[in-house]
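> Pasting a structure below so you can have a look.
The values are calculated or read from the model by the stated rules, or taken from the named source; none is laboratory data. Note that the structure is predicted; figures quoted are calculated from it, not measured. In this analysis, Cβ positions are derived from the backbone assuming ideal geometry, glycine residues included, and neighbour counts consider all displayed protein chains. In case anyone asks, the SASA skips ligands and DNA or RNA and just uses the protein heavy atoms, side chains included. Shrake-Rupley method; radii C 1.70, N 1.55, O 1.52, S 1.80 Å.
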Amino acid sequence: MSSLDAIREGYARFDPRAYLQNNYMPPRADFSSEQCVVPWKLRCLAETFASGEICGRTLIDVGSGPTIYQLLSACEHFEEVVATDFLEVNREELQRWVRGEPGAFDWSPFIQHVCKIEGRGEPWQEKERRLRGRLRRILPIDVHCADPLGAPLRPPADALLSTFCLEAVSPDRAAFGRALVNVGSMLRPGGHALLLGALGESFYLAGAARLPVVPLDEDDVRGALSDAGFTIRDFRSYTMPPALRTGVDDVQGVFFVHAQKPLEG
């Protein structure tokens, strides 16, 4: 069995609800403190999209998992948001939220917080409605394929977003770099890529699944982006405080990157 096959087999045991409980409920999702990891991630995204520079027709979220928080600021700037994930259970979890089904994960505290930091002054339900309306496609993806969506995207996306995906599905740093090249192929020249990911993490838990992660440092991320042809516009890092090291993983920190694909010629 190849290392990629072993990773795919491990994800067959992935439990979306356990993952959400571990990472998107208190203590990690504590909106009373801007120093908490979830508010930090939301602010990175909100501040970057607030420039108005990252906009267009289509944004692709690479490896969405069962989460939508990463799309809350993005949805204001694109006609269509495309969510993607390798796992059917995650795509189904997203569909439940889009349809507003009973029992879907409650993202309302996240939406309310993003509305607060964006300062739009509108009811949070309006942002929820807008994201549901623009999240029109939830597609399967394999970042280890040269065409991750199964066929070249026409026209290419104006922007890419990916949170805690590539390092969590790659057996080593070389595979992480190749996956970055593959997903970058879906982006138009001059387009923007926003990445959130783990620093110094070797595993995380999602129910019965104990999943390996490539332990990255900042230089690994910068080098992989450079090798993939991206120019880094902004790089931020967050150190996970002891109170948030709950045993569901061994993550040491989080990185946020805004990078840009060069114009052709």
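Let's see how each residue does on (1) open to solvent by 50 Å² or more (accessible area, probe 1.4 Å); (2) modelled with pLDDT under 95; (3) among the polar types (S, T, N, Q):
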residue: G207; (1), (2), (3): no, yes, no
residue: V213; (1), (2), (3): no, no, no
residue: A228; (1), (2), (3): no, no, no
residue: R233; (1), (2), (3): yes, no, no
residue: P241; (1), (2), (3): no, no, no
residue: V254; (1), (2), (3): no, no, no
residue: G265; (1), (2), (3): yes, yes, no
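> Among the listed residues R129, R136, identify the single one that is outside any loop (DSSP other than H, G, I, E, B), modelled with pLDDT under 95 and either open to solvent by 70 Å² or more (accessible area, probe 1.4 Å) or on the phi > 0 side of the Ramachandran plot (or both). Let's see the steps before the verdict.
Working: R129 fails: modelled with pLDDT under 95.
Answer to the check: R136.
> Something else now. Filter segment 50-79 down to the residues that are charged (D, E, K, R) and either more than 21 Å from S108 (Cα to Cα) or in a loop (DSSP other than H, G, I, E, B) (or both) and list them by number.
As a first pass, look at segment 50-79 and keep what is charged (D, E, K, R): 53, 57, 61, 76, 79.
Hits for segment 50-79 are E53, R57, E79.
> Inspect segment 9-19 for any residue being under 26 Å from M186 (Cβ atoms) and hydrophobic (A, V, I, L, M, F, W, C) and give the result as yes or no.
Within segment 9-19, one or more residues are under 26 Å from M186 (Cβ atoms) and hydrophobic (A, V, I, L, M, F, W, C).
> Restricting to segment 184-209, and then to whatever is over 26 Å from F78 (Cβ atoms), assigned to a loop (DSSP other than H, G, I, E, B) and touching a residue at least 60 places away in the same chain (Cβ under 8 Å), can you tell me which residue is nearest to the chain's Cα centre (by Cα)?
Ranking the candidates gives G207 first.
> Still on this structure, please answer the following. If the requirement is being under 16 Å from R173 (Cα atoms) and over 16 Å from the mean Cα position of the chain (by Cα), which of these qualifies: D217, D234?
Details: D234 fails: under 16 Å from R173 (Cα atoms).
Result: D217 is the single residue among D217, D234 that is under 16 Å from R173 (Cα atoms) and over 16 Å from the mean Cα position of the chain (by Cα).
> Which of the residues belonging to segment 3-31 are open to solvent by 60 Å² or more (accessible area, probe 1.4 Å), among the aliphatic types (A, V, I, L, M) and within 24 Å of R173 (Cα to Cα)?
Within segment 3-31, just A12 meets the criteria.
> Before we move on, is A174 part of a helix (DSSP H, G or I), farther than 26 Å from G52 by Cβ, at pLDDT 95 or above and open to solvent by less than 30 Å² (accessible area, probe 1.4 Å)? Don't jump to the end; show me each part of the working.
Working: part of a helix (DSSP H, G or I): yes; farther than 26 Å from G52 by Cβ: yes; at pLDDT 95 or above: yes; open to solvent by less than 30 Å² (accessible area, probe 1.4 Å): no.
Here the answer is no, as A174 does not meet what is asked.
> Taking the options A104, A83, name whichever one is crowded, with 20+ Cβ neighbours inside 10 Å and either at pLDDT 95 or above or assigned to a loop (DSSP other than H, G, I, E, B) (or both).
On the way: A104 fails: crowded, with 20+ Cβ neighbours inside 10 Å.
A83 is the lone residue from the list that is crowded, with 20+ Cβ neighbours inside 10 Å and either at pLDDT 95 or above or assigned to a loop (DSSP other than H, G, I, E, B) (or both).
> Quick one: would you say V82 is under 12 Å from R132 (Cα atoms) and in contact (Cβ under 8 Å) with a residue 60 or more places away in the chain? Give the derivation first.
Numbers: under 12 Å from R132 (Cα atoms): yes; in contact (Cβ under 8 Å) with a residue 60 or more places away in the chain: yes.
For V82, the condition - under 12 Å from R132 (Cα atoms) and in contact (Cβ under 8 Å) with a residue 60 or more places away in the chain - is met.
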